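Trainee: Here's a structure for you.
We did not get these values from a lab; they are worked out from the coordinates using the rules stated. In this text, all values refer to a predicted model and were calculated from it rather than measured experimentally. So basically every Cβ, Gly included, is an ideal-geometry build from the backbone, and we count neighbours across all protein chains shown.
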Protein chains: 2
Amino acid sequence: MMNIKASPLTQKLSAFVALSETELAVLERLHQRRKSFSAGRDLVHQGQSEQAAYILAAGWVVSYKIQADGTRQIVDFQIPGDFLGLRSVLLHTSDHGIEPIVEIEAAEVLGSDLLQAFAETPRLATAILWAVSRDEAMVVEHLVGLGRRDADARMAHFLLELGVRLSLVGMGSRQGYACPLTQYHLADALGLSAIHVNRVLRKLREGGLVTFQSGLVTFDDYEGLVALADFDPAYLDQSRPLLP
Amino acid sequence: MMNIKASPLTQKLSAFVALSETELAVLERLHQRRKSFSAGRDLVHQGQSEQAAYILAAGWVVSYKIQADGTRQIVDFQIPGDFLGLRSVLLHTSDHGIEPIVEIEAAEVLGSDLLQAFAETPRLATAILWAVSRDEAMVVEHLVGLGRRDADARMAHFLLELGVRLSLVGMGSRQGYACPLTQYHLADALGLSAIHVNRVLRKLREGGLVTFQSGLVTFDDYEGLVALADFDPAYLDQSRPLLP
DNA sequence: CGATCACTTGATGAGTCTCAACGTGGGTGG
DNA sequence: CCACCCACGTTGAGACTCATCAAGTGATCG
């Protein structure tokens, strides 16, 4: 391997399919057109008609929707190894905004790049399709949380899911992880007020379950948190390879 | 055209792309392996590993997730012209259940059928990809509703969205539509208790906005409802063709 | 060194849930 | 054919979760 360290996307896909040398090479080629973007400036505006998608290489990104009354609902966070704006490319328009939370690094991917890569290595296409389907499953799980979990379970579930996702790209463990999100981010993602988020975090911390402080998430009682959240990582694991 | 009436899927896709004779023929061929299923018996169980997908031809279907504590969250309803279990096929497992609400008619579609159809008519592939992306956009909008809309707006938005979807397949209009859902269905979809659903419906009815009664949804004041729900059908319209 | 941002805490109230009834129609079995 | 039952709908009272308003802290930064 050329690189000292594989890209997060490679790492993630490798956890699920054994990729050949060729496939790895094609994957790395997709990472060529590297760009960086600074925090806070929208990558994609809600309503914009957009052309390119990106593979996130470093940093955190948030996808959100703003309503007419000004409230914001965060649909998902993206972490290294995730795709950005894939649906915007397909629909040739974006119904949501995409904003870097910190300074990020991302590789621009054109529709044509993707097509070509798929033509060369169909297995890779399948692997990426898997990744996209998994994203969809995460959105569904998020929806379930908003509809049928109370604030505590919602928070617990969210922090656990993020932990699993980060672990897949080597940025987290059962101990915890670094997390640049503010309590306002959590509020907008979980459909709560920032004030209530604060109280929930305090409760979880004082209950000895998890600590969210100064950019660090620490799991104090992983099992307890799993129980509280009714967390079943099946929809993320997907360790059963779907390739023939 | 052979058929007196085009299938709902054909109707839906036609609203967005002008399909050639060939494409129409391929589309009709996908509807060959027709089956019917009775209400209440799961088509796909949560946790099952499933092989086939379906195109819904007649009837209503619900996709849901059951939690450990027994509460149910409905992710989406499918109406004629919608795909069922496409993601289950891709992931080779199902993280959610699929249940017919009434007696339904559906055409079984194997992965191989789909691949072959796509090989014959790439434009059709694009059209179907559009339909799938639109479904995704609907789930996202549903998520936003759960997170950031109060019960009244949630209900209003839901009834309006369903109206637009049904209109696309000729089963509804600005006047209203037939709807076999119970108040319990609404409750599980909107993250409310059935009791509160009842109250909300009464409020909307007495406010002269919309009537949900005995299997019939009637829009009494469409504009008023749109205003209450902050409903923007942009994510459904997609009238801008994405084909070259 | 004032400003701003992220966080924190308390008090109050709205929105929604839960529990507990009761109504009503269509189906089923005796 | 009647009596019953069950699913669905309706209504009221009280409790609880979470939002809102108000205020204040401590860091970071131009």
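Trainee: Between copies, how far apart are the B:N198 label points? List them in nm, one decimal, shortest first, with each point 7 Å from Cα toward Cβ, please?
Mentor: Its label point is 4.0 nm from the equivalent points in the other copies.
Trainee: Next question, about the same structure. Counting pairs of alpha carbon atoms under 8 Å apart in space and at least six apart in sequence, what relative contact order in percent does chain A give? All intermediate terms of the calculation are to be shown ahead of the outcome.
Mentor: Working: 401 pairs, mean separation 50.1, N = 244.
Worked out over chain A, it gives 21 percent.
Trainee: If you look for lysine pairs in the protein assembly as shown that are eight or more places apart or on different chains, how many of them have Cα atoms under 26 Å apart? Provide the component values of the computation, followed by the final result.
Mentor: Working: A:K5/A:K35; A:K12/A:K35; A:K35/A:K65; A:K65/B:K65; B:K5/B:K35; B:K12/B:K35; B:K35/B:K65.
Total qualifying Lys-Lys pairs in the protein assembly as shown comes to 7.
Trainee: May I pose another question? Quick check of the Kirkwood formula: for the protein assembly as shown, what is the inverse mean of 1/r over all pairs of different Cα atoms, in Å?
Mentor: Values: mean 1/r = 0.0425 Å⁻¹.
That comes to 23.5 Å for the protein assembly as shown.
Trainee: Still on this structure, please answer the following. Dipole of chain A (Lys/Arg Cβ +1, Asp/Glu Cβ -1, origin at the Cα centre): which of A:A18, A:G208, A:L124 lies farthest to the positive side?
Mentor: A:G208
Trainee: Using only the Cα atoms of the range B:149-237, build the gyration tensor, take square roots of its eigenvalues as a ≥ b ≥ c, and label the shape rounded, prolate or oblate: rounded if a/c is under 1.5, else prolate if a/b is larger than b/c, else oblate. Could you put the intermediate results ahead of the total?
Mentor: Working: a/c = 1.40, a/b = 1.29, b/c = 1.09.
Rounded.
Trainee: Next question, about the same structure. What are the nm distances, shortest first, from B:I66 to its equivalents in the other copies, labels at 7 Å along Cα→Cβ?
Mentor: Ordered by distance, the counterparts are at 4.3 nm.
Trainee: On a C-alpha basis, how far is the centre of the range A:1-68 from the centre of the range B:166-241 in Å? Whole number, if you could?
Mentor: 39
Trainee: If you take the square roots of the eigenvalues of the alpha-carbon gyration tensor of the range B:8-130 and sort them as a ≥ b ≥ c, do you get rounded (a/c under 1.5), prolate (a/b over b/c) or oblate? List each step's numbers first, then the result.
Mentor: Numbers: a/c = 2.12, a/b = 1.81, b/c = 1.17.
In terms of gyration-tensor shape, prolate.
Trainee: When the dipole is taken about the Cα centre of the range B:8-130, and only Lys, Arg (+1) and Asp, Glu (-1) are charged at their Cβ, what size is it in debye, to the nearest 20? Walk me through the numbers on the way to the answer.
Mentor: Values: 10 positive and 15 negative charges, 4 e Å.
I would put it at about 20 debye.
Trainee: Treat each spin label as a single point 7 Å out from the Cα along the C-beta direction, and report the B:R33 to A:V17 distance in nm.
Mentor: 2.3
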